[in-house]
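Right, one structure below, let's go through it.
Derivation of every value follows stated rules applied to the coordinates shown; laboratory data play no part. Owing to the predicted nature of the structure, the values given are computational and were not obtained by experimental measurement. A quick note on method: Cβ atoms are made from the backbone with ideal geometry, for glycine too, and the neighbour counts reach across all protein chains shown.
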Amino acid sequence: MTTSQAAASADSEQAALLKQSVTDFIQRGTDVARARKLRDTVPGFDRKVWAQMAEFGWTGILVPEDSGGLGLGLREMGIVLEGLARVLTPEPLNAAAVLAGTAIRESGNRKLKDELLPALVEGKLLPALAWQEQAGDLDGGSPALSARPFEGALKLSGEKRFVQGGLGADGYAVTARLDGGVALIWVPASAGGVSAEPLPQADGRSAATVRLKDVVVPKANVLAEGPAVTAALQRAFDDTRVMVGAELLGTMTRALDMSVEYMKTRVQFGKPIGSFQALAHRAVNLHLQKELSSAALDAIVAELDRGASPERRTVLASRLKARCSEAGTRVTREAIQIHGAIGFTDEYDVGLYTKRAMVLAAWLGNAHAHRRRYAALAPAEE
Amino acid sequence: MAESRDYNALNDDAFRQEVRVFFEKEYPAEFRYLLRKGRMSEMRGWWDAQYRRGWAGPNWPREHGGMGLDAGKMVIWLEEIERWGVARPPDQGVVQVGPIIMQYGTEAQKKYFLEPTLKGEFVWCQGYSEPNAGSDLASLRTEAVIDGDHFVITGQKIWTTMAHDASHIYTLVRTDKQAKKKQEGISFLLIDLNTPGILVRPIRNIAGHEEFCEVFFDKARVPRDRLVGKLNDGWTVAKALLGFERLSIGSPRRPQYALRRLEMIARAKGLFDDAGFVDRFIALKLDIEDLSSLYERYVAIAKRGEALGPDVSMLKIWAMDTWQSLTELLVETGAEEGVVPGEHDINGVNTDFLTPFYYARPGTIYGGSNEIQRNIMAKYVLGLPGH
């Protein structure tokens, strides 16, 4: 066996174990009924379940081994996120372990990282990235939230919106304007002057509006400054976009499975409705969109995990986010149509998937925004 | 003909380099990125060059004068064809009927048909569709009645691509009208188009070209030894290559050519400043990118030597739909010039708007229409009940 073959089989073994762990987890009680129960509550997820996820090692998939993580790639993370999305698991694994986790991991403050990352891996720390101030922003390059030197420390004031995983977070990696540049600063949720207000979304989960009012933190809480912030954010955003793609894939897969199953059993005019071509062809078109999403995800994750330049990561992330956002919203919307009136009821699950897909599609840039970004970045054909 | 070498023993890069050098040297520049099929009359020189090199049959085994490429090398071959924009000559003989004869033919058939097919002396067309058997192919009625050592054939084929350029036709004919299932009374015959009683009549298509034909059989006598496989087992023979056909028809190659053309024109016309155009262009570009990823999945399956499942139909659906959308946008991009046939000089870029549009149009019809592919997917992939 060659080295690469050995690596490939070890890789698939790891992937198989993760798949199994997701299956076990789902069977242990995280199902759609639990997601329903937690709808419209604060923080909207269960900290005990979060601790279980950490036990499975999922919070540490992307954390290097020397920080206590598994040091694996987006492929492994994607397997877990796709699986959890199929049952609408409400815990903010992507927001905390990918978005916030990657921003922290890619920052330069070794001492602080050594404190935060192992705690994230162990499930003791739930971090959130608080970066966005305006809807539709794709890069967070110029925050208005300010950090000013104050008695040898820093004093922060301002507001962050659409903070995913922001309710129930133990702390925030906050982007701020500092000395005319940008800084990424760690702010514990318990610090005086920090508040997080629920921002309810269509899917029954709440993002947070995080307000900092004269919050004082030590200078040692600066995770990164200047261009290092931009680079860390870009990496975190693009990797998260790809993982949102995995979540959208899981979401549309389950909605389509439900629809196809329904088409086999629902009888009208004396026949299962799946025997009618108008519906059958619709289902095939949706299946095709799902498979395009899945093939793109696999190919892109493989390229990212092999190591790609930041520019290339951005192009690939936009490509995937555009496809999965478009396909995810379309498949889940048409799933309602296939079900007919029952699909429009709150009692039936399919609508939960539609609303989840809409929220995921909007997060970190929708299909249109990413096509525009792709157009601006992608190299021309030879 | 050059002596057959073991190309599979070469490493991939060395093989790719050799193919590349050959294409760059021998392939006629005026036919690069041709937006239609090549005709034998214009591509004879290219065919001969391939044959002299021993490269006329990349998919054929070496014992039959082919290159004997394994699936991995075959993919490289196809990639280089795509990269250099090498057009498809009338290659039905090499791609379709040759492998069928190798798999199901008698020794005598192999001896008689294979070498001239490789040389391009026998040019083949496919006689499947009939006036009342299109999507419902198994309803075909062209009849072959046994009379001594001959089949006597009466009936009509239609939409026979390039029959007027061909010397031979491979056909599905009805040999048992009493068969319980209509698929069961069909046989696979190889027929010389010079046989008395056969008339080929070209049909003008909406592009104004004569690419497809009607083929009439009026008591044409065909020797019985032209039967391939068993009598009444022609459906099995014809189905054998279907999976590969859908892989090749679902390749991103054709839409990629069209995209490249569209991009050149759009640049020449300054359309990348038009946000509306850019969004549509990028959506189509991503459709092709993601098709490529999907295609690679199936290529990997083929490379491993595994059979392709019915889900490969997806590739054809998406490749053809995307290809058509691109050529529609191309015509739109041309505005008034887009509907004027012939070449146009668009700020220094020469282009023909209508030919790609016409060329893409039947893509969703031939090789099993996209609706038929969706039926296949619904039944065999999604497991939906039949209608």
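Numbers for the structure displayed
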read-out	value
Estimated distance in nm for a label pair at A:Val42 and A:Ser142, the labels positioned 7 Å out from Cα along Cα-to-Cβ	3.3 nm
Lys, Arg +1 and Asp, Glu -1 on Cβ, resulting dipole of the range A:259-382 about Cα centre, debye, nearest 20	220 debye
Nitroxide proxy distance, nm - points 7 Å out along Cα→Cβ at B:Leu199 and A:Gln27	7.1 nm
Stokes-Einstein diffusion coefficient of chain A, Kirkwood radius over Cα pairs, 4 °C, 1.567 mPa s, in µm²/s	60 µm²/s
Average partner coverage of A:273-286, which counts Cβ from other chains inside 10 Å	5
For B:Ile100, A:Ile338, order by how many other beta-carbon atoms lie within 10 Å, fewest first	B:Ile100, A:Ile338
Cα Rg, Dmax (largest Cα-Cα span) when computed across the range A:203-284, Å	23.8, 73
Only Lys, Arg (+1) and Asp, Glu (-1) charged, at Cβ; chain B dipole about Cα centre in debye	1000 debye
Burial ordering of B:Ile203, B:Ile198, fewest other beta-carbon atoms within 10 Å first	B:Ile203, B:Ile198
Pairwise FRET efficiency - B:Lys25 versus A:Glu159, Cβ, R0 = 56 Å, nearest 0.05	0.25
Average beta-carbon neighbours from other chains, 10 Å sphere, peptide B:278-285	5
Two-site FRET efficiency, B:Lys181 against A:Phe344, from Cβ-Cβ distance with R₀ of 35 Å, rounded to 0.05	0.20
The range B:12-144, Cα convex hull volume normalised per residue, Å³	145 Å³
Helix-derived mean residue ellipticity, 222 nm - over chain B, DSSP H n ≥ 4, -39500 (n - 2.57), to 500	-12000 deg cm²/dmol
Cα centroid separation, the range B:25-52 to the range A:171-233 (Å)	63 Å
21 Å tail of the calculated P(r), the range B:7-89, as % of Cα pairs	25 percent
Where trypsin sites (Lys or Arg not before Pro) fall in DSSP loop in the range B:295-343, at most 16 other Cβ within 10 Å	B:Arg304
Alpha-carbon centroid distance for the pair the range B:367-385 / the range A:261-295, whole angstrom	11 Å
P(r) of the range B:73-199 over all Cα-Cα pairs, binned every 10 Å from zero, in whole percent	12, 37, 35, 13, 4, 0
Anisotropy class of chain B from Cα gyration tensor, a/c 1.5 cut	prolate
For the range A:165-311, convex hull volume per residue from C-alpha positions, Å³	162 Å³
Computed [θ] at 222 nm, deg cm²/dmol, chain A (DSSP H ≥ 4; -39,500 (n - 2.57); rounded to nearest 500)	-17000 deg cm²/dmol
Within the range B:303-352, GluC sites (Glu not before Pro) in DSSP loop having at most 16 other beta-carbon neighbours inside 10 Å	B:Glu306
Mean-position separation - Cα centroids, the range B:191-230 and the range B:302-325, in angstrom	29 Å
Ascending count of other beta-carbon atoms within 10 Å, so fewest first, for A:Glu261, A:Glu334	A:Glu261, A:Glu334
Projected label distance in nm at A:Leu17 and A:Lys264, using a 7 Å step from Cα toward the beta-carbon	3.4 nm
GluC sites (Glu not before Pro) lying in DSSP loop within the range B:118-204, provided at most 14 other Cβ fall within 10 Å	B:Glu121
The protein assembly as shown - Rg and Dmax from Cα coordinates, angstrom	30.4, 110
